[in-house]
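The values are calculated or read from the model by the stated rules, or taken from the named source; none is laboratory data. Here the structure is a predicted model, which is why all the values come from computation and not from measurement. Every residue, glycine as well, gets a Cβ built from its backbone with ideal geometry; the counts of neighbours run over all protein chains shown.
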Amino acid sequence: MNRYPLWKNILVSIVLFVGLIYALPNIFDQDPALEISGSRRAEADAATEARVREALDKAGIAIKSLDAGSNKLLLRFDDSESQLRAKDSLETVLGGDYTLALTLSSDVPGWLRSVGALPMYLGLDLRGGIHVLIDVDMDAAVEQALDRYSGDIRTLLRDEKLRYTTLSLQGDAVIINFKEAEVRAEAINKIEDEFRNLLLEPVDSDGAFQLQARMSKNEQQTTRKFALDQNITTLRNRVNALGVSEPLIQQQGERRIVVQLPGAQDPARLKDLLGATATLEYRLEDTEHSVEDAVAGRVPVGSKLYRTREGRPILLKKRVIVTGNQITDASSGFDQRSNQPAVFVSLDGPGARRMRNVTTENVGKPMAVVFIETRTESKIVDGKKVTRKIPVQEVISVANILEPFGRRFQTTGLDSPAEAHDLALLLRAGALAAPIEIVEERTIGPSLGQDNIDQGFRSVIIGMLLVMVFMAVSYRVFGMVANMALLLNLVLIVAVLSMLQATLTLPGIAGIVLTVGMAVDANVLIFERIREEIGIGNTPQASIHAGYEKALSTIVDANVTTLIAAVVLFSFGTGPIKGFAITLFIGILTSMFTAIVGTRAVINLVYGGRRLEKLVI
């Protein structure tokens, strides 16, 4: 009696072994590290590694280890001081062709990494990191919307052959001047049919028949809200796609966004990431005028001079066919005909219609793709680091329109598959709908995070010791078995968090402490039931069996209600509340397994199949 079948003992052993393996990475320290990434102008290869080693040797900076990856080098150091000195030295040697980022890297052995055993992420309050408050320029969002309206109105009037003298953007209105009142009246009808959200006001001044088009208050409010929502989505996509673990990005007030980036050690690099712009514009090439005249300073009206990546001048029409704002999806790959890196682009409905109309009218004519990016360059001037932002507009591709196309097409002319991947990533993340400005920045140092970790660790240890002492005194041998299950439960919680690569925060530690106290509740119910069975005269073996069987329904009911509470907290909570809910949910599941299955396995091994006179409980 009271014996598990072999498969149940094997199951408990496997769970214990897997839990130990995946919890083990969390005992290794996080080393201060420096990540060196190459760019389109220079790759982080073996030659770069040699330069790095030589520079650090000259500076007398010791490296703990150096790992080479795909266009990346990861240097680990023994302390933060060496990390910072290495960054300063290498910035002087490598210049602006490489990106240097301070980070933390766990010193997990290779055999653990080979089975996917990695430490869990630590939140901003434990690991340190950056808290950024961003202000969104709502007025610029409205101006951009008016600018789009002005372009659309210009196209509409041309298509309807309604002649106007000037069309300009002044303040909060699009101003259109006509020579004849009848043409203005017809234009009002056409614009009202096409753009129902615009408020049109005819004004006569100085013999000109003027029409002022303004956005309604509701339309302006909708535009502002859309800009804020799109910026939040764009920032979240950028941070997630570029590998910052578990960021918190949410709205604060009417025009501000809070961004928390746990583990970030380089505020300048992350600010560049948040404000990065990379988009495309599709324009027709101006083949009717001379490029040489444009280079000499005589740029024709309606055209603009650009340069290709090779430096060759090219004349394009000012009218933009579609922009990155109208791109709904982008993926990288290779052109089937030339086998060159390419980005496959999908447009939204209005963008697809405009692209199809333009390509239908201009079959056989060349169309250019303009790549627009804001680059950050750092240089050492007089021994000091000087950083500046450089807007870059360059033509990456010029090709003849062979046939009309609309929603989906491809862009070539990129230098490498890595650049195609990066461009597709930023395009897929979307463009910022309005300019942003960082108005507040707080950096939480790793030392403060370590202090929180130490306090949280002490709270878990103290809570566990108190519970273990109580169980050992109250239930003797059975209490010691429950203590073993308690330790296994803590290991399993850490293992599951590590396997899920979840983020542990200070509220998450609170959830673990609460779970430690609740983990023995099931055992208390079981052991008290065993005492009652012994008290009414049942044999020890029968009492053990009855204790586990009859307490099961009560244990399940109690834990299911807590699980429901954890699900509700996770569904409706934000930030710290979610962290608490996750650890509570995982802790309840693991405690049910260890308290019911784990302790029963040990009790069966100790007492099962034996003739007992009494139980020490």
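Computed quantities for the displayed model
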item: Matching residues in segment 594-609 - criterion: being surrounded by 18 or more Cβ atoms within 10 Å (Cβ to Cβ) and within 41 Å of the chain's Cα centre (by Cα); result: Thr594, Ala595, Ile596, Gly598
item: Selection count where residues are under 22 Å from Val108 (Cβ atoms) and of a type in the set (Lys, Arg), scope segment 35-74; result: 2
item: Test: residue in segment 143-161 that is β-branched (Val, Ile, Thr) and either in a helix (DSSP H, G or I) or closer than 30 Å to Glu182 by Cα (or both); result: yes
item: Number of positions in segment 185-223 that are in a strand (DSSP E or B) and not hydrophobic (A, V, I, L, M, F, W, C); result: 7
item: Among the residues listed as Ile438, Ile534, Ile461, the single one being surrounded by fewer than 20 Cβ atoms within 10 Å (Cβ to Cβ) and either without any contact (Cβ under 8 Å) to a residue 24 or more places away in the chain or among the charged types (D, E, K, R) (or both); result: Ile461
item: Tally of residues being farther than 14 Å from Thr505 by Cβ, modelled with pLDDT under 90 and among the hydrophobic types (A, V, I, L, M, F, W, C) across segment 557-580; result: 2
item: Verdict on Ile530 being in contact with a strand residue (DSSP E or B) (Cβ under 9 Å, 6 or more places away or on another chain) and either aliphatic (A, V, I, L, M) or modelled with pLDDT of 90 or more (or both); result: no
item: Failed criterion for Ala117 (all others in (1) surrounded by 16 or more Cβ atoms within 10 Å (Cβ to Cβ); (2) assigned to a helix (DSSP H, G or I); (3) among the hydrophobic types (A, V, I, L, M, F, W, C) hold); result: (2)
item: Search result, residues across segment 184-217 that are of a type outside the set (Asp, Glu), farther than 15 Å from Ala145 by Cβ and within 43 Å of the chain's Cα centre (by Cα); result: Ile191, Leu200, Gln212
item: Matching option when the condition is outside the structural domain of Thr505 (by TED's automatic domain parsing) and either touching a Leu at 6+ places or on another chain (Cβ under 8 Å) or surrounded by fewer than 17 Cβ atoms within 10 Å (Cβ to Cβ) (or both), among Leu569, Leu612, Leu552, Leu589; result: Leu612
item: Residue in segment 235-248 that is part of a strand (DSSP E or B), of a type outside the set (Asp, Glu), at pLDDT below 85 and surrounded by 13 or more Cβ atoms within 10 Å (Cβ to Cβ) present; result: yes
item: Filter result for the condition that a residue is surrounded by 15 or more Cβ atoms within 10 Å (Cβ to Cβ), among the β-branched types (Val, Ile, Thr) and over 20 Å from Arg476 (Cα atoms), over Ile582, Ile617; result: Ile582
item: Search result, residues across segment 76-90 that are over 15 Å from Arg53 (Cβ atoms) and in contact with a helix residue (DSSP H, G or I) (Cβ under 6 Å, 6 or more places away or on another chain); result: none
item: Some residue of segment 477-489 being in contact (Cβ under 8 Å) with a residue 40 or more places away in the chain, under 27 Å from the mean Cα position of the chain (by Cα) and either surrounded by fewer than 23 Cβ atoms within 10 Å (Cβ to Cβ) or assigned to a helix (DSSP H, G or I) (or both); result: no
item: Selected residue [in contact with a Phe, Trp or Tyr (Cβ under 8 Å, 6 or more places away or on another chain), free of Cβ contacts under 8 Å to residues at least 24 places away in the same chain and either surrounded by 13 or more Cβ atoms within 10 Å (Cβ to Cβ) or among the charged types (D, E, K, R) (or both)] from Arg163, Arg148; result: Arg163
item: Selected residue [of a type in the set (Asp, Glu), in contact with a Pro (Cβ under 6 Å, 6 or more places away or on another chain), modelled with pLDDT of 80 or more and assigned by TED's automatic domain parsing to the domain that holds Arg407] from Glu292, Glu361, Glu285; result: Glu285
item: Those strands (runs of 3 or more DSSP E) lying entirely in segment 8-87 with at least 3 residues in contact (Cβ under 8 Å) with a residue 60 or more places away in the chain and buried (at least 16 other Cβ atoms within 10 Å of the Cβ); result: 30-37
item: Matching entry among Gln501, Gln541 (being in the same structural domain as Lys578 (by TED's automatic domain parsing) and not in a helix (DSSP H, G or I)); result: Gln501
item: Enumeration of residues in segment 398-424 that are modelled with pLDDT under 75 and closer than 18 Å to Gln326 by Cβ; result: Thr411, Leu423, Ala424
item: Near pairs, Cβ below 6 angstrom, 6+ apart or cross-chain, from segment 585-607 (in a helix (DSSP H, G or I)) to any residue that is surrounded by fewer than 24 Cβ atoms within 10 Å (Cβ to Cβ) and among the basic types (Lys, Arg); result: Asn604/Arg3
